[in-house]
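First comes the structure, then the notes that go with it.
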Amino acid sequence: MADTLEFNEIYQEVKGSMNDGRLRLSRQGVIFKNSKTGKVDNIQASELAEGVWRRVALGHGLKLLTKNGHVYKYDGFRESEFDKLSDFFKAHYCLELAEKDLCVKGWNWGTVRFGGQLLSFDIGEQPVFEIPLSNVSQCTTGKNEVTLEFHQNDDAEVSLMEVRFYVPPTQEDGVDPVEAFAQNVLSKADVIQATGDAICIFRELQCLTPRGRYDIRIYPTFLHLHGKTFDYKIPYTTVLRLFLLPHKDQRQMFFVISLDPPIKQGQTRYHFLILLFSKDEDISLTLNMNEEEVEKRFEGRLTKNMSGSLYEMVSRVMKALVNRKITVPGNFQGHSGAQCITCSYKASSGLLYPLERGFIYVHKPPVHIRFDEISFVNFARGTTTTRSFDFEIETKQGTQYTFSSIEREEYGKLFDFVNAKKLNIKNRGLKEGMKQSYDEYADSDEDQHDAYLERMKEEGKIREENANDSSDGSGEETDESFNPGEEDDDVAEEFDSNASASSSSGNGDSDRDDKKPAKKAKIVKDRKPRKKQQESKKGKDPNAPKRPMSAYMLWLNANREKIKSDHPGISITDLFKKAGELWKTMSKDKKEEWDRKAEDARRDYEKAMKEYSVGSKADSHRGERSKKKKKKQEKQMKGKGDKKGATSKSSSSKSPSKSMSDSFKSKEFVSSDESSSAESKKEDSEEEGAASPPPSSEDSASGSD
């Protein structure tokens, strides 16, 4: 049995939204990577307590329960994958994958069970629906009634906002069933209540998004931003990444907090919280906890009394509470020595930071792009001036980001960085060995410095130098695109009006004459092979036998209609995906049948090609003979024409007037030299006519004979 199982296009249910991603099951545990955010959920094999397989809206789903009460749901599986998953769970996790169907009777009364972080409403032994208590934002009680309110989901078109449960009264004294129900919900719900004192408070911090000055109150489970107009409560569970970025002026620091889901203000969503600090600001901080609690809670990462720069204290406290790594710029250094590049995105100017695993732009609007979601990058010529260039990034989802107005001096540094990271460069093309080698299940916020980064950069430079030396002029054109001032000499040589005269007469400069033939010879040498390739492509014979199909294509043509009937309304793309899956799961015996058919087709093709090549050779011999015969006839016709031309020439010397009328040309086709010679001949003939009398009719007749 395989040690790992991988599934693409699996959906994880998180707070009412279905997040697309990739799922991998291995001996060590279960890993799910979110395609949108890059966040990785890792469940150790030793933590798994139960696995449930059931039918859901998107096909079939897998529910995993851990020993500490957490629940993970994954949808998008096919029914045929149950046996494979069940065997894997038995072999590697020592768990039985139980099949449980949901109750679809439509009844609205039953039993509520609390298990871990899940509320399950059951009828008999079958669950009707389940509510993850982390989705609950508020729980209120009434007479025999409990109301649950949920967090709003921005990604869903329709969101469930409220559910009410009727709790019948019981005869037991001293126990209120409504209060007991509410306490069970609140113990696991994601309800933000600012009860008790804050651990620490940072006052009047400058915030760029959302803009303003805010007091930041640090609580054990959430962050409270208190401003003059707005308040925001941010649970630590929504913090995705932390960034600490130096400003280009070396006097300020950005501290960026990435959020998912974002904080909301009306219709505005803030996916990033950006704080700006001065490096000169210092602070002495005392935590509102005793030393034993600090040591027990933070395990030496924080102390009760701390002092230092303000940005260092904020980042240190946030790292300890959120338990996420802080991402800082890598080894990149720009032309000016800064770790960022000044550029413009959309209408605003900002700073682009090349990181070890992505790019981040601050600050309006903030953009974070991971390397594993980049399809290719492109270096484009600036639209307004040649002193700058544009850096374009296109993701695998088709989103394009253009960072413009980057100084030309930054080109070399940025190109070396992109080359070292093995990103695809569009206007250079995908070179051999430039394929990305990122772990598809690695957490994108782990910015561990690569020990071989410098060596990779040096190798990238060497590869580029070798490529430029071996290229036949294409590399020179790319380099010159950012040096327009150096192109004037080439243009003057190519389009100089005196170029032809100087080369023919030899009166021009010898240096220029020496350069020109070499340049012309180079252009001709580069372009000739391309023309031959085009001619060879155009000259394809439509009567030539068609290439044989592979075993897979033969099978697909035979089973295409069957797949369509089994999946009515399936698109062409999904049909090919489905066919590929069926072909992969097909047994070797069935594949051998189609392999034999493909082999027979290949033999028939080779036989037909032999017959075709023999016939084409015979046709070519006939064509050569007809060409030789035609050339021979043309030579004979040309010889007769030369003889007639000689006789007509002798007759024209006798009768100049008749030859003039025979060789008449219109003014449009007569050159200046011919017209001047014709005029001089006409004057001579007029003088002769005036001196001698006109010839008689008998003389003219004898002359014509």
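The values are calculated or read from the model by the stated rules, or taken from the named source; none is laboratory data. These numbers were taken from a predicted model, which means no experiment stands behind them. Ideal geometry is used to build each Cβ from the backbone, glycine not excepted, and the neighbour counts take in all protein chains shown. Side chains are part of the model used for accessible areas, which takes the heavy atoms of the whole protein and leaves out ligands, DNA and RNA. Shrake-Rupley method; radii C 1.70, N 1.55, O 1.52, S 1.80 Å.
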Inset, instruction - Go through the stretch 280-315 and give me each residue that's farther than 15 Å from Y219 by Cα and aromatic (F, W, Y). - result: Y311
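To keep it simple, each residue is scored yes or no on (1) closer than 16 Å to E50 by Cα; (2) open to solvent by 30 Å² or more (accessible area, probe 1.4 Å).
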residue	(1), (2)
S86	yes, no
Y93	yes, no
A98	yes, yes
D101	yes, yes
V104	no, yes
R113	no, yes
L118	yes, no
F121	no, no
G124	no, yes
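Right, K73: among the basic types (K, R) and open to solvent by 40 Å² or more (accessible area, probe 1.4 Å) or not?
Values: among the basic types (K, R): yes; open to solvent by 40 Å² or more (accessible area, probe 1.4 Å): no.
So K73 fails the test.
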Legend entry - Test: residue in the stretch 183-196 that is open to solvent by less than 20 Å² (accessible area, probe 1.4 Å), modelled with pLDDT of 85 or more and farther than 28 Å from N135 by Cβ: no
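Which is in contact with a strand residue (DSSP E or B) (Cβ under 6 Å, 6 or more places away or on another chain) and either surrounded by fewer than 18 Cβ atoms within 10 Å (Cβ to Cβ) or part of a strand (DSSP E or B) (or both), of G334, G308, G350? It would help to see each step written out before you state the result.
Working: G334 fails: either surrounded by fewer than 18 Cβ atoms within 10 Å (Cβ to Cβ) or part of a strand (DSSP E or B) (or both); G308 fails: in contact with a strand residue (DSSP E or B) (Cβ under 6 Å, 6 or more places away or on another chain).
The conditions single out G350.
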Legend entry - Residue check, R301 assigned to a loop (DSSP other than H, G, I, E, B) and under 19 Å from F243 (Cα atoms): yes
Inset, instruction - Identify, from the list L85, L119, L102, the residue that is assigned to a strand (DSSP E or B) and either touching a Cys at 6+ places or on another chain (Cβ under 9 Å) or not basic (K, R) (or both). - result: L119
Legend entry - Residue among H70, H60 that alone is touching a strand residue (DSSP E or B) at 6+ places or on another chain (Cβ under 9 Å) and modelled with pLDDT of 85 or more: H60
Inset, instruction - Identify the single condition in (1) modelled with pLDDT of 85 or more; (2) assigned by the TED database to the domain that holds E145 that G116 does not satisfy, given that it satisfies every other one. - result: (1)
Inset, instruction - Test L321 against the stated conditions and say whether it is in contact with a helix residue (DSSP H, G or I) (Cβ under 8 Å, 6 or more places away or on another chain) and assigned to a helix (DSSP H, G or I). - result: yes
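Determine if the stretch 431-447 includes at least one residue that is at pLDDT 65 or above, open to solvent by 90 Å² or more (accessible area, probe 1.4 Å) and not in a helix (DSSP H, G or I). Give the steps one after another, and end with the answer.
Of all residues in the stretch 431-447, those at pLDDT 65 or above come to none.
Looking for residues that are at pLDDT 65 or above, open to solvent by 90 Å² or more (accessible area, probe 1.4 Å) and not in a helix (DSSP H, G or I), one finds none in the stretch 431-447, hence no.
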Inset, instruction - Only residues that are assigned to a loop (DSSP other than H, G, I, E, B), open to solvent by 10 Å² or more (accessible area, probe 1.4 Å) and in contact with a helix residue (DSSP H, G or I) (Cβ under 8 Å, 6 or more places away or on another chain): list them for the stretch 245-288, please. - result: K279, E281
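Going by the structure shown, is F150 surrounded by fewer than 13 Cβ atoms within 10 Å (Cβ to Cβ), within 42 Å of the chain's Cα centre (by Cα) and more than 23 Å from L25 (Cα to Cα)? Before the answer, list the steps.
Values: surrounded by fewer than 13 Cβ atoms within 10 Å (Cβ to Cβ): no; within 42 Å of the chain's Cα centre (by Cα): yes; more than 23 Å from L25 (Cα to Cα): yes.
So F150 fails the test.
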Inset, instruction - Kindly indicate whether H363 is touching a helix residue (DSSP H, G or I) at 6+ places or on another chain (Cβ under 8 Å) and either in the same structural domain as D41 (by the TED database) or not charged (D, E, K, R) (or both). - result: no
Inset, instruction - Among what's in the stretch 1-37 and is touching a Gly at 6+ places or on another chain (Cβ under 7 Å) and at pLDDT 75 or above, pick the residue that is surrounded by the most Cβ atoms within 10 Å (Cβ to Cβ). - result: K33
